Amino acid sequence: MSATTAHAGAAPAAKDGRFEPVILAFTCNWCSYRAADLAGTARMKYPPNVRLVRLMCSGRVDPAFVMRAFADADAVILTGCWPADCHYRIQNVKALRRFILLRRVLESMGIEPQRFQRFYASAAEGQQLAAEFDRIVEEVRALGPLDWAGRHAAFVPSATPPGAGVGEARAAAEARAAAPPPAERELAEVTA
Amino acid sequence: MSASNLPAQPDGARERIGVYVCHCGSNIAATVDVEAVRDWSAEHLGDRGVVVARDYKFMCASTGQELIEQDIKELGLTRVVVAACSPHMHEKTFRGACRRAGLNPYLCELVSIREQDSWVHTDRTAATAKAEAIVAGGVYRVAHSEALEPFRVPIDPATLVVGGGIAGISAALEIADAGFPVHLVEREPSIGGHMAQFDKTFPTLDCAACILTPRMVTAGMHQNITLHTWSEVTDVAGYVGNFTVTIKHRARYVDTALCTGCGICQEKCPSKVVDTRYEAGLGYRKGVYTPFPQAVPKYPVIDVENCIYFEKGTCGACKKLCPTGAIDFDQKDEEVTVKVGNIIIATGFELFDARRVEQYGYGRMPNVFTSLEFERMSNAAGPTAGRIVLRDGVTEPKAVGIVHCVGSRDRNYNNYCSAICCMQSLKFAHLVREHTDATVYEFYIDIRAPGKAFDEFYQRVMEEGSVFVRGRVAAISDTVRLPDEEAHQGRLIVSVEDTLAGVQRRIPVDMVILSSGLEPATDAQEVARRFGITCSADGWVIERHPKLDPVATMTEGVFAAGCALGPRDIPASVANGAAAAARVLARIQEGELALEPIRATVDQERCSGCRICNDLCPYSAIVYHGWEQVSEVNPALCQGCGVCIAACPAGAISGSGFSDVQILSQIDGLLTALGGAPPGPAVEEREAVPA
Amino acid sequence: MSAKPRLAMYWAAACGGCDIAVLNLGEALVEVGSRFDVVFWPAVMDAKYADVEAMPDASIDITLFCGGIRNDENEHLAHLLRAKSKILVAFGSCASEGCIPGLANLSTLDEILDASYANETTDNPDGVRPVPAWRENGVTLRIPTLAPLLRTLDQVVPVDYTVPGCPPETKRIEDVVELVGKALDGTAVLPPRGSVLGAGHSTVCDECARERNVKKIGAFRRVTEIATIDPTLCLLEQGIPCNGPATRDGCGALCPAAAAPCIGCYGPADGVLDYGARLMSAFASVVDADEPERIEVILDGIADPVGQFYRFSLASSLLRGGREAMDQAHRGRASAPVGSPAANHPAPRLGRTPPSAPMLDVLGPQDHVPQRAPTGPEPPAPTLEPVGGPAR
Ligand SMILES: Cc1cc2nc3c(=O)[nH]c(=O)nc-3n(C[C@H](O)[C@H](O)[C@H](O)COP(=O)(O)OP(=O)(O)OC[C@H]3O[C@@H](n4cnc5c(N)ncnc54)[C@H](O)[C@@H]3O)c2cc1C
Ligand code: SF4
Ligand code: SF4
Ligand code: SF4
Ligand code: SF4
């Protein structure tokens, strides 16, 4: 058995006290995922913090995917073919347009731009892909954990503790329902 | 092999999922604790429906595949997740195993723990944890996969071949001989490509014209081949099986229906131009010309930039003298559209421009020649009628230096080896020795002669007495510097470090031939874009798989052959052409092609007709029905990129194979099934391990 | 017990507009009054929470709940009315997606209180702040305690139906009343739990009469920046950021008809996970530029992206809806057992997807976390005992 546990959420495992970010990278089937294939075939190395999702095109990335990822990840990377080299001709440009707008929205909502980055990698650029992953992991490491879910837990006193998964969330919700109505609770505290 | 078998399907899971973790010998197992991944999957993904988790040495071996098939049958699996290599490697393999066992192949998910994990990480704990997350992503995803049927498209039996070099000609002939129509597009006035410029070909020293001309003629006369010379493809629409290609026929100003190819116009045309293309700048042609006598087709073209009529409105000698009245100054460019099912790109190469290596002095010192110039010079039909002479046109050289790897294997220009220049240089040494008494020096880094009969040819040239100097030439100069060089005033001095003797040498010669490397055509990227294929950073077309699928591109229905794929010699180019033709023929014979059923669909109930999606599809797959105010995706045109799915504000478009719920579930699995990122070594500590 | 079905309406964190929209029913209101026994409606009649607390569970047939959950009083009433009602309807944008009060989820509690009690517009030299309970002369005075986030009703208790709109259009309220009336008469069946009532399945463009073309936006502009707005052409094509493409239809496209862009009060269409994500993706996709610099310039035209995309839906958004919104998205995808209790459990809230075309396939453990579009067996509609004969 390995040391990991199921549904442990995004609580980053630190080694020697070092923060290990969890990073999700969207790749496209034709360029950046193949660059990752190439990085593998050539035995180049990059940090294991990055986990890949393969889509057909970077233009498939829906802002909702990115938002969902931020619930548990410290950063999200969007990768794809170089402009004009898109397997689907021009679809990576649509990804670019969305990226720019989404980054603005994320920033307004409190997610630092360094946590949402993009770069291009052709099918031949395994080396560049690995180097970019290196760079971003270090940048995010320097930023520290995002812990978006945790922030919300702090926002809502009765909510799920950070890192809790499906099961825990449910238990917390049940506990909340079983508790006396908040008005009474407050009063009890004040009068005590 | 061992398995973590869970007794029964746990409550709460809809699917019965099997997880198979591959060792890939030690490729995965050396870095990922495969057994741990297996146990973890069994233990923690049970609530997601995992009923069996196994590991095996080589999942792709027939025994591995049988394991899956057996479990599908015996355990009633409804979904399969294989954690092994990249889907680009073996997705088909495992889907095939599922199909054989009666499970829809699209209910199988191959997740990569090799290219994306064991090969790129070194820390075993971290790589194992990541593998678990990857497996979880696959399991979460596959639970939402749907059974799909491949999308079948009919294949138009006609084929487009772009580029009429030896590769394109070979491909066209193979297909035409099999009885199917071919459109062969060549931008020059004649087909033939670079091979038409050569005199002899290594290593056999066959006469290039003698072997090429018959093929050109056959292609030109073939009833199944339509030649489009002096033409270019300007637009490609459609998709595999059904491309609509627009070809621009540049005006020739010669009516091919009347022209007999008598050549009187060329003879009489007073405008004489340096021929930079076919004669490589060493000879002349006329304003109206066929590039060479054996040209196919035989009809000349008028080069308007060098035609007195077009410049000044006078002359018109050709028109006056043409016996059939074929000259037509009013001709216009024309566009034709053709329908084809497949496309073969054979656009070849261009010679590296030796001027860029300034220290070699090409363009500055007259007696420095390029390889193509020498090809023309040694050609009996060339500008010097085969005499090997200096730029003055009379003096025979007493010593000739041949410089290898010009612009190749050089960080400043191209990193790659141009593959043919060593052999071509040896051929030149032989030809110089054959035609003159000159001493020949070969300046090489190392001789690359791996082909059939290549090394024998190398031995032969050595025995013929050429001098081999190992070392990259530093500079070529035309000024003497040392006292004992006085005698060589007016000659060229080649400075080189002789790395075998360990000395710096300055070798006086009369003629230098630069064996320039091969580069992709200057417009290679643009052409690639037009055909929807990708090039490497160098500009060569990227093959679908460098070893297993070397003539297919990433785009369905588009193949490549010859030097468009990278430097190679004539036999390889011919073989490529035939291979690409074989691929195309198989499809034509099949009549239809099964495509990945990754497609977008609009739910017309929910589409509001906002028309956001209408302009987003590069294949014009989305049509708008104005009357009903709804949009619809034409599944035959859709390539499944998913852009419209992500764009539709009403959420009315869904995608098979990569649905929202599949993707979101995979993200869930990747992120929630793991206790944070595993520790990995610091960046500084890491080093690349050579393959 | 009265023979008439019992109706309640409540306002939590809301502006009261929904109540006015109901009052706008005019004569039809008389019909409502005669069909239903209105047992609790603070906006129009005096009522005590104690009266509600005293009612037996499930004794109210239908409750229209307006407003989001901003404080403990709201939350208490949400739980209370859930327990007392057979059918709980999230009525209006606040209850269903947070609406304008939900925009406060961009700020912390301190920031919110500062804005009310300690900025340049307030005269509060002693820095007085509200306290939840104050004991004076042996009497405890209480005011509700603010919660750090505004939550939507369905983030707090399971909801049976949703009626969107800010406020819901009176005509659509009539439709809903009529539907419920028919259901009571046994002449109509209520849609599956979780469905949206009083709205369509598409978006505002579906109802908009403006002519539209292929979309390409070279510049975003405010209505006030345009001298003359083309009376027949799609507003978005004129560069006016109109939220119509992403907003559920049902309003009759009133705003675009009046040359005012849709601002999105009817919320997302069926099956949509995050309203703002859909809208921003759509807008960005049709920006007519390929170079980053040029794209930035065009997007500068959207002055306040969060306001543009989340004016009504911030509290139900993935990122600012709190953990609940995120969990909802999560759980939505958990594999659901066939034949397990969960499958038979009706799935309340925004039913969103018609069962024929499930987008987000959802079933899973049930409790206070609402569910989205179900697959599998269609969840049964809540039962209403028909009372009396056909409607008078
Ligand atoms: C100096 C020299 C000597 C050589 N000697 C030998 C030898 O002795 N033996 C040997 O085996 N190999 C030799 N080679 C290699 C040989 O030239 C190539 O292997 C061969 O020419 C490749 O054929 P190809 O059809 O791929 O390309 P090419 O010969 O380059 O033909 C490509 C054709 O495509 C056309 N084209 C390009 N772009 C377009 C477009 N966009 N639209 C339409 N048409 C287009 C071009 O005009 C050209 O006609 C030599 C190469 C050089 C440079
Ligand atoms: S008209 Fe032009 S092509 Fe003809 S002979 Fe004169 S110069 Fe030559
Ligand atoms: S974007 Fe969606 S709603 Fe708009 S026209 Fe296209 S399919 Fe219909
Ligand atoms: S997914 Fe949409 S945009 Fe992409 S090819 Fe298909 S129809 Fe066109
Ligand atoms: S004006 Fe607004 S609602 Fe009407 S079609 Fe245009 S985008 Fe849609």
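The values are calculated or read from the model by the stated rules, or taken from the named source; none is laboratory data. Quick caveat: nothing in here was measured; it's all calculated off a predicted structure. Cβ placement follows ideal geometry from the backbone for every residue including glycine, while neighbour counts extend to all protein chains displayed. Side chains included, ligands, DNA and RNA excluded: accessible areas come from the protein's heavy atoms. Shrake-Rupley method; radii C 1.70, N 1.55, O 1.52, S 1.80 Å.
What the table below lists for this structure:
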item	result
Convex hull per residue volume in Å³, alpha carbons only, for the range C:95-146	102 Å³
Average accessible surface area per residue within the range A:73-114, 1.4 Å rolling probe, Å²	26 Å²
Whole-Hz couplings from phi, Karplus 6.51/-1.76/1.60, listed for the range B:522-537; x for Gly and Pro	4, 9, 4, 5, 5, 4, 4, 4, 4, 9, x, 10, 10, 10, 6, 4
Interface size C-B, as summed buried accessible area [1.4 Å probe, Å², nearest 100]	2900 Å²
Whole-percent carbon and sulfur share, accessible surface of the range C:250-308, 1.4 Å	56 percent
Total accessible area lost when A and B pair, probe 1.4 Å, Å² to nearest 100	6400 Å²
Summed buried accessible area for A+C [probe radius 1.4 Å, Å², rounded to 100]	4500 Å²
With Cα atoms, 0 to 90° folded angle of helix B:124-142 axis to chain B main axis	80 degrees
Under the Debye formula (equal points on every Cα, no solvent term), log10 I(q)/I(0) of the range B:2-150 at q = 0.11, 0.13, 0.17 Å⁻¹	-0.34, -0.48, -0.84
Whole-Hz ³J(HN,Hα) from phi, Karplus 6.51 cos²θ - 1.76 cosθ + 1.60, for the range B:380-387, glycine and proline x	4, 8, x, x, 9, 6, x, 7
0 to 90° range, to nearest 10: angle between helix B:421-435 axis and chain B longest Cα axis	20 degrees
For the range C:9-14, Karplus couplings with θ = phi - 60° (6.51, -1.76, 1.60), whole Hz, Gly/Pro x	9, 9, 10, 9, 6, 8
Rg and Dmax [Cα atoms of the range A:15-136; Å; Rg one decimal, Dmax integer]	13.9, 46
Listed peptides B:442-455, B:333-346 by packing density, highest first (mean Cβ within 10 Å)	B:333-346, B:442-455
Relative contact order of the range B:251-332, defined on C-alpha pairs under 8 angstrom at six or more residues apart (%)	41 percent
Cut-off under 5 Å, modelled amide H: who pairs with A:ALA25 long-range	A:ARG51, A:LEU52, A:VAL53, A:ILE77
Alpha carbon Rg of the protein assembly as shown, scaled by the compact-globule rule 2.2 N^0.38 Å	1.12
Share antiparallel - DSSP beta bridges, the protein assembly as shown, percent rounded to 5	45 percent
Solvent-accessible area per residue for chain B (1.4 angstrom probe, square angstrom)	38 Å²
Paramagnetic reach from C:GLU178 in the range C:184-212 [backbone N under 13 Å; point 7 Å along Cα→Cβ]	C:198-199
When each of C:LYS48/C:LYS86; C:LYS4/C:LYS48; B:LYS272/B:LYS452; B:LYS57/B:LYS130; B:LYS298/B:LYS452; B:LYS268/B:LYS332 is checked by Cα-Cα distance, pairs over 31 Å	B:LYS272/B:LYS452; B:LYS298/B:LYS452
Span from the the range B:334-382 Cα centroid across to the the range C:122-196 one, whole angstrom	78 Å
Range of Cα positions in the range B:107-186 per principal axis (Å), largest first	58, 34, 18
Where N is the number of residues in chain B, Cα Rg divided by 2.2 N^0.38 Å	1.18
Between helix B:660-672 and chain B: long-axis angle, C-alpha atoms, 0 to 90°, nearest 10	80 degrees
Projected label distance in nm at B:VAL623 and B:THR256, using a 7 Å step from Cα toward the beta-carbon	3.5 nm
Mean projected area (nm²) of the alpha-carbon convex hull when the range B:600-655 is viewed from all directions	3.2 nm²
Part-to-part distance (alpha-carbon centres) for the range B:488-515 and the range B:200-251, which is given in Å	42 Å
222 nm mean residue ellipticity, helices alone, for chain B (DSSP H n ≥ 4; -39,500 (n - 2.57); rounded to 500)	-8000 deg cm²/dmol
Cα-only radius of gyration and Dmax that characterise the range C:204-316, units Å	13.4, 38
Under the Debye formula (equal points on every Cα, no solvent term), log10 I(q)/I(0) of the range B:377-494 at q = 0.10, 0.16 Å⁻¹	-0.35, -0.89
